[in-house]
1. Counting other beta carbons within 10 Å of each Cβ, put Arg42, Arg130, Arg100 in order, fewest first.
2. Within 10 Å of each residue's Cβ, count the other Cβ atoms and sort Val124, Val78 from fewest upward.
3. Would you tally the net charge around Ala113, using a Cβ to Cβ cut-off of less than 11 Å, leaving Ala113 out, and scoring K and R as +1, D and E as -1?
4. For all pairs of alpha-carbon atoms in segment 3-80, what percent lies in each bin of width 10 Å, listed from the first bin to the last filled one?
5. Report the net charge of residues surrounding Ala49, where surrounding means a beta-carbon distance below 12 angstrom and charges are Lys +1, Arg +1, Asp -1, Glu -1.
Amino acid sequence: MHLDPVITSLRAAVNAQALVGDDPDLELVAERIADALEPAIRQAALDLAQQAASEIGAQLAEQRVDVVLSGRDLELRVVDDAPSEPTPDDEEFDARITLRLPPTLKSTIERFANTDGESVNTWVVEALSRNARRQTSTGGTVTEEFDL
């Protein structure tokens with residue numbers, strides 16, 4: 001988005017209003033007003049671009065739209081969305097949850113973990129991570145029970 005032509009157009013509109021009175025002092029005031037408005041206009045353009053990027057990005061499944069200031073102009077860039085949270089393999093295992101569950105479910109989890117050749121902890125972390133990634137990629141929130 002090229003901002004300079006927009007600012008030049010607004011500056012010309014302010015100056016045109018000053019020319020109506022044919023007063024040199026009024027022309028000087030109009031020029032000062034235009035100078036004072038330029039930063040606010042650039043900020044308003046940035047805000048609008050960020051709103052547009054946010055709305056468009058919300059409609060994209062695995063991408064986001066970034067607003068990048070390039071010189072004096074703005075660019076909207078569509079980029080692949082990197083995972084917002086580290087995967088379990090990237091993190092240290094230092095957070096804990098105490099989980100109460102029925103003995104039959106515990107036995108089922110142990111059986112599945114054993115079948116997969118994993119520890120119960122690893123199996124549960126992977127099952128929860130898969131579900132959390134699925135919920136995140138669809139834009140949903142986890143508000144339901146899910147199968148382990």
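Values quoted throughout were computed directly from the atomic coordinates according to the rules given, and no laboratory measurement underlies them. Worth saying up front: this structure is predicted, and the values here are computed from it rather than measured. Every residue, glycine among them, receives a Cβ derived from its backbone with ideal geometry; neighbour counts consider all protein chains shown.
1. Ordered from fewest to most neighbouring Cβ atoms within 10 Å, Arg42, Arg130, Arg100 come out as Arg100, Arg130, Arg42.
2. Val78, Val124
3. That sum, taken over residues with Cβ under 11 Å, equals -2.
4. 18, 34, 23, 15, 8, 2
5. Its environment carries a net charge of -3.
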